[in-house]
Structure formats: C-alpha cells, structure tokens
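Beneath this line is the structure, given in structure tokens, with notes to follow.
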Amino acid sequence: MNGDTHDLLEAYRAGADPRETVAGSLARLRDVHEALNTTIAFLDDRALAAAEESARRWASGTPRVLEGVPFAVKDVIDVAGVPTTGGSWVCDDAPAARSAEVVRRLEAAGAIAVSKDTTTEFAVGGPNPPRFGTTRNPWDPQRWAGGSSMGTAAAVAARAVPFGLGTDVGGSVRLPSAWCGLTGLKPTSGAIPRTGVIPLSWTAETVGPLCRSARDVELLFGLLRGPDGVDPRATALPPFIPATGDDLRGVRVAVVGGYLTEMCDGAVRSGIDEMAGVLADAGAEIVDADIPSASEVLAIGYRIVWVEAASVHRVNAARWSEYDPVLVSRISQGIATPAVDYLLAQQFRVRLQRELDEVFAHADLVLVPTCPSTAPRLPEATVVVDGEEFPLYAAQSRSTMLGNLTGAPGLAVPTGFAPDGLPVSAQLMAPPHQEATALRAARVFQERTAHHLAVPSGAELSDVSSGVRGTTPD
C-alpha cells in the first residue's frame, strides 16, 4: 500500500477489491507491529465486515467519498465496540459504547478503521509507557516514532494504512509526522470536534490527521471539520473551500528565525531553506518576520497543559503508582502550580496571539521548523543537533506549541533527509481557519518535490531487537 488515499481510491475505480486491500492492511499491520510495536488492537471482524459493504457499494456504483479506505486510530479516540485504554493500566478494557465523532464521520464517508494504535500514556506520558511499551520508528528501529501519536505515525509511515487519526496538545500530530516523514495537521482550535476523545487540555487539545500527502490532509480535513453540537469549542464554520491553482502568486510566506531556529540541526534549517526556495519559485513572496515572545512559549505552554492534565487526572490520584513516572511528574507540576501562574499563562496567550496577528498582517503563512532534530534515540529519547546531544524535552515543541497556545493551525511537511538518513520537516502555520492556504502551499511544494514519496526500507522492519515489543494484541 505505497500510494496515498487518492491513489487507493483511483485503484478502486479501476477495479481493485476493498476486501483484498483491507485484509492486506491488517496483515501488514501485524508485520509492522512485530517490528515496531504500533498496535494495541487489530479490528479484523469489524474491518472485514465493512470491507464487504464497500465492495458491494463499488460494484453497484454507489461508493462514498472514502469508500473502502483503511485507517488507524490513536488509542485515546473511541471506536465503538473496542476498548480505549489511553495506553494506561488504569483504564478498564470495557468496549466504547460509541465511536468518537471524528471516527463516525470517516466511517460515514466509507473509511474503515482497522486498528487502535499505541500512545504515550494518556497522550502526555513519556516515550516508554509501562503498559504497551515504546513504538519504534520505521526509518530506524533504534529511534522513537514520536509522541504522542506514535503508533499511528509508524503505521502510516510503514505503509500499513494510508492515514490515521491522532491528537495534538503540544505537537503530538506534527512531531511524529515530522520524525516519520509524514504530512500531519493540527487544525484551528475548535475546527474538528473532540467528542469521544480522552480529555487532556481544553486550552491546547485538537484532533488531526496524519497522512502521506497534503492532498490527503485536505480531503480528510474537509470531512472532519465542523460542529457536532456536543464539543463546546466546535462552533459553526463557513464551508471549507480547498485553494486551487498550481502556483503561489499572491501568497506571502514569512520565515521566522531567532529563537525558533536556534538549537536547530543544520539539516532541518536546510529543509526550511529548500521549502522557501521552492515556494518562491512557485510565485510566493518570501518575507522575514519575528515573534518576540517565542522563547517563552514552550515553558508557558507546558505550564498550562500540566495544570489542565492534573485537573483531569486527580480523580485517579489513588492509582498514580500505576502511572508512567513521567506522567506523574507532569501532573505533580500541574498541581503545584499556583493559580496566579496559571492565569498569567493564560494572559500570555493573548499577548502571543497579538504578536502572531502582527505577523499575519503582512504574511499569509509562517514557515518554521516542525522540530529541531531528527527522531530521538532510544531508550533515553535524546536528540542530536549538529552533533551535540540534548534531552528531548528541551527542544521538541519549541515551534509546535505556538499553534496550541494561539489556536492557529500548523501543518508538518517533510522536506528531505538528514545525513543520518532520517526525515526532516518544516511547519506551515496559517491564521485561524485558513488551513486551505497552508494546504495549497504544501500541495504545490509536494508537486515539485518527492520527499513525501520516500518509503522506509522493508529490511528495517525486520530488524527487531530482543525485547523491544510491547504487549501483543489478541
């Protein structure tokens, strides 16, 4: 399954059988799981029954928009009849009564959920969650796939499924997308409903797709966005109209330097330069910009997230001994944060939003690194920047947290490879509800480059070290 969703749908129109595709996807998932530890549940019965319906619809000439396309689901998102564990021993294994709204919308469009995927515990723990273990990167199994949507990212990158659903609080869609060579979207806050998703942070949390191409993200975003009458942040939106055209004349792209490109590997910076050059060749105007408060974003963003995570998880305080120690440390920081500091952090968001508004007054898009390094090394999850080793959390969300605090959308786009052979990525940010502009720029970039088409070596998936796998699903 080396093509994206569009390629698969074209194959169906040419006569391919969804039943064979879904069965093949499930078989590939098992192989990928054995190598990388991606999956907590294979949804065979559910998926194969849906594939029968898809085959009937294609045969009768009545396919829906995503008819027969398999997809993966991060294990903080409900799928009816399947447990949602959040990667934690604390959750029971009772099946979800109904699917999350995002899953429901995709299945109503004909897509077929085939797996529940690994996550860091409750999407906020460390890279080595106690219940299911870490997930390895398909480009190099000695590297991490990235958190927190790690299993979904690895499954998509390893070509087991064309796309998957993740969540993003500080970069949890965009970071694993970057480290696995994918195109991943954190949408505008409230654009996609979170109903049926284990909560973490009402300020920062979003749901978004992890895909191989911008054209797939564009298709999925149009289906996923819009209110559901339950999530209070998901309010009425104007219709989504994908931007057309094969050039970028009239589009202004601001390249932000300073803090956001400090402690940033040379290969990542080269990817930014390449993207800026390609966009300029396509007609975009490249301008410089500054975000004065950028250096404060990471610490303040985590402060808000830890406080809100603590408020969610205090109900389980008697069972914290069963939690990932990293998660307990973060919750503890949230509980110890004075209310005045939390309120000052929320006030900072307003200042940051105004600074970003100033940039967008003179530009349609902002171009920054998605993350400053290639994928972290296991087991310690350290990152290397220009040959120097750093702790993961000193660097990973420097740029991604901008969108979580301001609500602005961000799109991770692969821009090439570092000397270590691993993907690097750039992030295109847009004003709220202007995802179409970022997707247009990414689509034009991908039409003129081939970074998003690269496939991890199959040999790497069989390079399984002793003891790296987590619990094998039934």
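The values are calculated or read from the model by the stated rules, or taken from the named source; none is laboratory data. Note that the structure is predicted; figures quoted are calculated from it, not measured. Counting neighbours? That spans all protein chains shown, and the Cβs are built from the backbone with ideal geometry, glycine included. When the accessible area is computed, the model is the full protein with side chains, heavy atoms only, and any ligands, DNA or RNA have been set aside. Shrake-Rupley method; radii C 1.70, N 1.55, O 1.52, S 1.80 Å.
Key figures for this structure:
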read-out: The range 2-20 residues that are touching a residue at least 40 places away in the same chain (Cβ under 8 Å), paired with ones that are of a type in the set (S, T, N, Q) and assigned to a loop (DSSP other than H, G, I, E, B) (beta carbon under 6 Å, 6 or more apart); value: Asp4/Ser213
read-out: The range 230-251 - residue that is charged (D, E, K, R) and buried (at least 16 other Cβ atoms within 10 Å of the Cβ) and, of those, farthest from Asp386 (Cα to Cα); value: Asp231
read-out: Residues of the range 1-40 satisfying the condition of being among the acidic types (Asp, Glu), under 22 Å from the mean Cα position of the chain (by Cα) and in a loop (DSSP other than H, G, I, E, B); value: Asp4
read-out: Exclusive hit being among the aliphatic types (A, V, I, L, M) and open to solvent by less than 10 Å² (accessible area, probe 1.4 Å), set Leu422, Leu378; value: Leu422
read-out: Matching residues in the range 167-223 - criterion: being assigned to a loop (DSSP other than H, G, I, E, B) and under 25 Å from Gln142 (Cβ atoms); value: Gly170, Gly171, Ser172, Val173, Gly181, Leu182, Arg212
read-out: In the range 288-307, the residues that are surrounded by fewer than 19 Cβ atoms within 10 Å (Cβ to Cβ) and assigned to a helix (DSSP H, G or I); value: Ser295, Glu296, Ala299
read-out: Residue match in the range 90-111 (condition: crowded, with 24+ Cβ neighbours inside 10 Å and within 23 Å of Asn2 (Cβ to Cβ)); value: yes
read-out: Evaluation of Asp463 against (1) modelled with pLDDT under 95; (2) surrounded by fewer than 20 Cβ atoms within 10 Å (Cβ to Cβ); (3) out of contact with any strand residue (DSSP E or B) (no Cβ under 6 Å at 6 or more places or on another chain); (4) not basic (Lys, Arg) (one fails), failing number; value: (3)
read-out: Odd one out for Gly126, checked against (1) closer than 17 Å to Gly166 by Cβ; (2) in a loop (DSSP other than H, G, I, E, B); (3) in contact (Cβ under 8 Å) with a residue 60 or more places away in the chain; value: (1)
read-out: Test: residue in the range 349-369 that is more than 29 Å from Ser425 (Cα to Cα) and in contact with a Ser or Thr (Cβ under 8 Å, 6 or more places away or on another chain); value: no
read-out: Thr183 vs. criteria closer than 27 Å to Gly68 by Cα, touching a Leu at 6+ places or on another chain (Cβ under 8 Å) and either of a type in the set (S, T, N, Q) or surrounded by fewer than 24 Cβ atoms within 10 Å (Cβ to Cβ) (or both); value: yes
read-out: Meets criteria (open to solvent by 10 Å² or more (accessible area, probe 1.4 Å) and either touching a residue at least 40 places away in the same chain (Cβ under 8 Å) or not acidic (Asp, Glu) (or both)) for Trp144; value: no
read-out: Qualifying residue in the range 255-276 (condition: farther than 30 Å from Gly387 by Cβ and either open to solvent by 40 Å² or more (accessible area, probe 1.4 Å) or of a type in the set (S, T, N, Q) (or both)); value: no
read-out: Residues being touching a residue at least 40 places away in the same chain (Cβ under 8 Å) and more than 24 Å from Asp92 (Cβ to Cβ) - total across the range 301-316; value: 5
read-out: Hits in the range 258-274 (condition: closer than 15 Å to Gln396 by Cα and β-branched (Val, Ile, Thr)); value: Thr261, Val268
read-out: Scan of the range 277-287 for residues that are touching an Asp or Glu at 6+ places or on another chain (Cβ under 8 Å) and either surrounded by fewer than 14 Cβ atoms within 10 Å (Cβ to Cβ) or without any contact (Cβ under 8 Å) to a residue 40 or more places away in the chain (or both), ordered by number; value: Gly283
read-out: Odd one out for Gln353, checked against (1) touching a helix residue (DSSP H, G or I) at 6+ places or on another chain (Cβ under 9 Å); (2) over 30 Å from Ala436 (Cα atoms); (3) open to solvent by 50 Å² or more (accessible area, probe 1.4 Å); (4) in contact (Cβ under 8 Å) with a residue 12 or more places away in the chain; value: (2)
